[in-house]
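The values are calculated or read from the model by the stated rules, or taken from the named source; none is laboratory data. From a predicted model like this one, the values you see are computed outputs, not experimental measurements. As a convention, Cβ positions derive from the backbone with ideal geometry for all residues, glycine included, and neighbour counts pool all protein chains shown.
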């Protein structure tokens, strides 16, 4: 009901105020937040936290007369804004830390994949050069030096 009245007042088609579209978007966002149970519960908790913080700060009791004054209500609104801003900042820091952690995990996975790829490439290269290595070893065993042709030794005949 309140949303409908306010939306009719600030709707961009109903008023010529240049800030009307922004105000209307804010109103719609607030309506959406209030209709969502999870967001509504978080808002209620922030409002209650702000009240409790003020009560502790001023050392009031729960049924103090000071809690009913207009001055306390203004202070409560201001404290609620502070609590909401702090909650949003915590949420953003948590999301940022989570994204950084995901980035580290992704980098670690990429490094592991690169390491496996490098090992496979090394093993493939090792296998590809096997015949060359074995041939070199066999030549060494036979006493053949690089660049020399393999010559058959002639048997010497015994004189005599």
Exercise. Among the candidates 14, 6, single out the residue that is in contact with a helix residue (DSSP H, G or I) (Cβ under 7 Å, 6 or more places away or on another chain) and either in the same structural domain as residue 69 (by TED's automatic domain parsing) or free of Cβ contacts under 8 Å to residues at least 12 places away in the same chain (or both).
Key: 14
Quiz prompt | Subset of the range 42-69 (residues that are part of a helix (DSSP H, G or I) and more than 30 Å from residue 32 (Cβ to Cβ)) | solution = 55, 56, 57, 58, 65, 66, 67, 68
Quiz item: How do the pairs read when you match residues in the range 70-81 that are more than 14 Å from residue 48 (Cβ to Cβ) with residues anywhere that are in a helix (DSSP H, G or I), using Cβ under 7 Å and keeping only pairs 6 or more apart or on different chains?
Solution: 72/66; 75/54
Quiz item: Would the range 29-44 turn up any residue that is farther than 21 Å from residue 86 by Cα, touching a helix residue (DSSP H, G or I) at 6+ places or on another chain (Cβ under 6 Å) and not assigned by TED's automatic domain parsing to the domain that holds residue 81?
Solution: yes
Practice problem: Given the conditions (1) surrounded by 12 or more Cβ atoms within 10 Å (Cβ to Cβ); (2) without any contact (Cβ under 8 Å) to a residue 40 or more places away in the chain; (3) under 26 Å from the mean Cα position of the chain (by Cα), report the number of the one that residue 116 does not fulfil. | Solution: (1)
Quiz prompt | Given (1) more than 22 Å from the chain's Cα centre (by Cα); (2) closer than 30 Å to residue 53 by Cβ; (3) at pLDDT 95 or above, index of the condition residue 84 fails | solution = (3)
Quiz prompt | Test result for residue 86, touching a helix residue (DSSP H, G or I) at 6+ places or on another chain (Cβ under 7 Å), free of Cβ contacts under 8 Å to residues at least 24 places away in the same chain and surrounded by 10 or more Cβ atoms within 10 Å (Cβ to Cβ) | solution = no
